[in-house]
Amino acid sequence: MISVVIPLYNKEKYILETVRKVLDQTYQHFEIIIINDGSKDKGPDIVNEINDPRVKLFNKENGGVSSARNLGIEKSQYDYIAFLDADDEWLPNHLEEINNLITKYKGSADIFVTNFARKYATGIHIDNRKPDELKEGIVKDYFKIVVKKGLIHTSCVCVSKKALKMNLFDERLSRGEDMDLWLRLSKDFGIAYSPVITELYLQEAENNSRVKSDITKSLIYYLDFSKVTSIDEKKYLKNLLHRKYASLLKNIDFANFIKLMIKQGF
């Protein structure tokens, strides 16, 4: 049995189709936990009209996608939790492929990941990755892989509740909260991967369920290399900073940034 956690914030355009794609899965042993993170549109009303006892809606004040996912984890009943963003799309075989990974590798892994493609208005794009990084099985050298190509996307990962109880999403981060969690989980838990594409990642969707906040704290967090345990992890963090934050530096409050760096001991 798998709990599917979906954060919902102003996604009335997508939520019905997203839930339908879950209900149409070839693997049918699941519950759907939808966390309404203070939506201001009709998304929650649309969910309430879905006539299926497996669909459960919980309401909260807007606190961001991490707080919504963490509440979903808390409300879930089952031992494995799959995450899905309200504007992403599962192919019919997603949960079946996840369940196959759990069945095969649950003795060695607590994180189960399938492949994904990016969906644009102009079509679907599949990343070209090296074949030796794409074979089904337990992922070795996680940081060596992700410094080159993305391995885990939030809507194609399933994690044991045991692992998540020890590592929740960090609600202090305004950006990169998902990558931070995969980083922490990868240090203590095995990852089982399938190259089968089971999810379409929508690139032109509206903003996620994120409260407005200064990105300075997130940047400081990723500049703190004191927690780094390997050269490959350090390379990954540097690459992440370059890809995710370099273009945002113009929005930084540098006076606050310097104060925080001093406080952090840089």
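Some notes on this structure:
- In Å², nearest 10: area of Arg118 left accessible to a 1.4 Å probe: 60
- Over region 61-122 - Rg/Rh using Cα atoms and the Kirkwood inverse-distance radius: 1.01
- Part-to-part distance (alpha-carbon centres) for region 11-44 and region 52-82, which is given in Å: 11
- On full extension, the segment bounded by Lys13 and Phe58 gains 14.3 nm, given 0.36 nm per residue less the C-alpha separation.
- Listed residue pairs exceeding 30 Å between alpha carbons, taken from Lys11/Lys140; Lys135/Lys187; Lys56/Lys119; Lys75/Lys106; Lys21/Lys162: Lys11/Lys140
- Packing rank of 159-170, 40-51, where each peptide gets the mean count of other beta carbons within 10 Å, highest leading: 159-170, 40-51
- Its alpha carbons give region 31-172 an Rg and a Dmax of 16.5, 46 Å.
- Placing one equal scatterer on every Cα of region 1-42 and applying the Debye formula, the log10 ratio I(q)/I(0) at q = 0.17, 0.19, 0.30, 0.34 Å⁻¹ is -0.48, -0.58, -1.08, -1.22.
- Considering all C-alpha pairs of region 30-74, those separated by over 15 Å amount to 41%.
- Full extension of the chain segment joining Arg172 with Lys135 gains 9.8 nm, where the gain is 0.36 nm per residue of separation less the Cα-Cα distance.
- Region 1-95, Cα convex hull volume normalised per residue, Å³: 81
- Estimated FRET transfer efficiency (Leu23, Arg118; beta-carbon r; R0 25 Å; 0.05): 0.55
- Net length available on complete extension from Lys144 to Asn51 is 29.0 nm, with 0.36 nm assigned per residue and the Cα-Cα distance removed.
The values are calculated or read from the model by the stated rules, or taken from the named source; none is laboratory data. All of these numbers come straight from a predicted model, not from anything done at the bench. Cβ: placed from backbone, ideal geometry, glycine included. Neighbour counts: every protein chain shown. Calculation scope for accessible area: heavy atoms of the full protein, side chains included, ligands and nucleic acids excluded. Shrake-Rupley method; radii C 1.70, N 1.55, O 1.52, S 1.80 Å.
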